[in-house]
1. Report, ordered by chain and residue number, the lysines lying within cross-link reach of K378, taken as a straight Cα distance under 19 Å and ignoring same-chain residues fewer than 8 apart.
2. For I115, I196, I265, which order do you get if you count the other beta carbons within 10 Å of each Cβ and list the fewest first?
3. With Cβ to Cβ distances under 13 Å as the rule, what net charge do the other residues near V210 carry (K, R +1; D, E -1)?
4. If you average the sequence gap of Cα pairs under 8 Å that are 6 or more apart and divide by the length of the chain, what percent do you get for the contact order?
5. Using only alpha carbon pairs under 8 Å that are at least six residues apart, calculate the relative contact order of segment 203-343 and give it in whole percent.
6. So how far apart, in nm, are the two label points at L299 and L159 if each is 7 Å from Cα heading toward Cβ?
7. Pairing the Cα long axis of helix 2-15 with the longest principal axis of the chain, what angle in degrees results, from 0 to 90 and rounded to the nearest 10?
8. For every helix of n ≥ 4 consecutive DSSP H residues, a contribution of -39,500 (n - 2.57) applies; sum these over the chain, divide by its total residues, and give [θ] at 222 nm rounded to the nearest 500 deg cm²/dmol.
Amino acid sequence: MKRSIKIAVAAAIALSATSAFATNGDNLIAVGAKSRGMGGTGIGISHGAESALANPAMISTVKGTEISFGGTVFMPDVETNVNMGSGSVKSDADLSVIPEVAIAQKVSNNFSWGIGMFGTAGMGTDYRDQATMAGNYQMVTNLQLMQFAVPLAYSTNGLTVAVAPIMQYGSLDIQYNNGTARGTGVAQDFGVGYSIGAGYTMGDITLGAVYKSAIDMNYDRVLTTAAAGFSLTDITDNLEQPAEMGAGISYKMGANTFALDYKKIKWSDAKGYKQFGWDDQNVYALGYAYDAGSWTARLGYNYAKSPIKELPAAGGVGTAKNVLNLLGFPAIVEEHYTVGASYELSKLTSLDVAYVYVPETEEHYNIGAGAGYETTTKHSQDAVSVQVNFAF
């Protein structure tokens, strides 16, 4: 166990040097390779130790002790044209690594517990090496979030209820030059929250439900300094990760398993995101798995409408927020196509892999400087996840 904790700490250190570029807003569609291979489903289907955040009740399917560790390599492609004589420029934030470590153990027929450390969300762009031009501002943004969770699950007669206290670490950096260099450097904070989950299995059908609390974070002077350069007065340094609620179902038919999840992400109620005009997201995830014994194949699809919307340019406030949303935090992608596989290397060890393809989404927002002046952002992604599991 001590060795496993050391691995988790190493993952946290690795996260501090990377930048996530997530997909449902600034949230990952899922934090484990099995779930990512099935479109992000995990509320009504168990993926073992990696289920700690998706639905803590689902760790109850672990038979003994399971340890999973791995990570996701993100390869986003973001291109922005602010159309003020600057032309189109590409973000250099095109590669990042997000680690994940999880442990789950069945203590008795009724009680299971776990511990996990997951890179869960983030976003960033990097235009620092572009020429100084009106529009791109040589902007660099970097949001990183990691959650540490301890799921506790109680099971009886097919029903499992669970709670997972969550501690969140976050860091945020925003720098740009609009004639004056703006930015205070990286600010960090810790926040606390919780997740409550339930699962019920009857024959080949499993039902699940989950609620995750909002987690408030304060990034000292980062947001207010960035906002001041655009004359925004309604922005504070609070950036709250929103509450989530969802339900899921899975059905096993021989070697085939089908899963469906729905969840709502409450961006419009979250501090910071609310001020930047983000809408709530309805996330739909579909997954399929074929289990051949020593190997498993997976497919999935995930859809959520972009939480960012074009704000009215009148008065300049909407103009500034349109630029900051699309240039600094372009969370506009919507569709995700996924494939994955697992292979048993031995009775105790297995390997999971997943690939997520996100087709290009393009948005055009008015920046209020006359006809034809707009911010245009194109965003697509590729991501590869690899995970090793030990069960004993």
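Laboratory data are not the source of any read-out in this text; all were calculated from the coordinates shown. This one's a predicted model, so the numbers in the text were calculated from it and none came from an experiment. Cβ sites come from the backbone with ideal geometry, for glycine too, and all protein chains shown count toward neighbours.
1. Of all the lysines, those that pass the test against K378 - Cα under 19 Å, at least 8 places apart if same chain - are K90, K305, K309, K321.
2. In order of increasing Cβ crowding within 10 Å: I196, I115, I265.
3. +1
4. 19
5. On the way: 288 pairs, mean separation 26.1, N = 141.
Dividing the mean separation by the residue count of segment 203-343 yields 19 percent.
6. A separation of 3.7 nm, rounded to one decimal place.
7. Helix 2-15 sits roughly 20 degrees off the main axis of the chain.
8. Only helices count here, giving -2500 deg cm²/dmol.
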